[in-house]
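One structure is given here, and the rest of the page talks about it.
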Amino acid sequence: MTRISVFASVGAAVWFTRSDTVGALAGSLFLGGVLFCDAVRARMQGNRRDALTVWLVSMLAQLREYIVYAGLAVGAVLAGLADGWGWAAGALIALALRDSLLIARAAPTAPDLSRGVGRVPRARPGRPGGLLADLAPRPPEGPRESDPRLTGRLLGAEPASDAGAGADSGPSGGTGPVGPGAPPRPRTSPESRTSPESRAAPESAPVPPPDGGAARAPLPRLARRMMVFSQSTRFLAIAVTVTLWDARVAFLTLIVGCAVAVTGELVDPRGGRR
């Protein structure tokens, strides 16, 4: 189907050499045949996907577009437009810039071959001490509170803070005397010492984004496809502009369309337009 589309593009270029309406309409019909071949090729189930086929399809797709540009330039020169080849060269330069930018953005990151491997492994964060440090027992994580009463029992003495608390505490305090045989007072965790008001306090409001909270609205799918300015869109633009105007307007439309595609790729890179 790609080879057939190349012959259709040759027919379109031959008809575009005529500067009248008949040539423009006939060339547009041949461009429609090129798009039909692309649609049939996309629907085919048994097409091969080897590297040679993919390369051949890509090269022939570029060749057929250059053939159409050449036919438009010849028709412009025959119609009296002296700078027809200049407009064609400008359109080719804009197309090359558009293709180079979009292909470079779509290509994956090249592997790092300076170290002799395809991918450099990322260093795993670990503790100092090497491999043996991972075998050592680790203490429990999180904050830990010391118990002065346990320290006093181990050393054979009671801390002064607990003794003073036992002397000051009375029956009204509800704690009783503190001595070696007295049971230890229940410890309170930091969470229980927190007031109910602080626990019931709402969480802090989320921080707005740096751009003032204005989210960028996605473009419609049709607008994205038009901004990419693919080959099918370029052929449609050529068919319309050549039928209504002339080859110079067609080349100008191609240049502007490629500039819009480059701008859209820089503003919204890889935004689902392909």
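Remarks
- By average C-beta atoms within 10 angstrom, highest first, the peptides 244-253, 80-89, 97-106, 1-10: 244-253, 1-10, 80-89, 97-106
- Tensor-based shape of region 27-92 (alpha-carbon gyration tensor, a/c under 1.5 rounded, otherwise prolate or oblate): oblate
- Separation of the residue 222 and residue 3 label points, Cα + 7 Å toward Cβ, nm: 3.8
- Separation of the residue 259 and residue 240 label points, Cα + 7 Å toward Cβ, nm: 1.8
- Stretching residue 85 away from residue 54 to a fully extended chain increases their span by 8.1 nm, per 0.36 nm per residue minus the current alpha-carbon distance.
- Were the residues from residue 100 through residue 267 laid out at 0.36 nm apart, the gain over their Cα-Cα distance would be 58.5 nm.
None of the figures in this text is laboratory data; all of them are computed from the coordinates on show. Values in this document were obtained by computation on a predicted structure and should not be read as measured data. Using ideal geometry, Cβ is built from the backbone for each residue, glycine included, and neighbour counts are taken over all protein chains shown.
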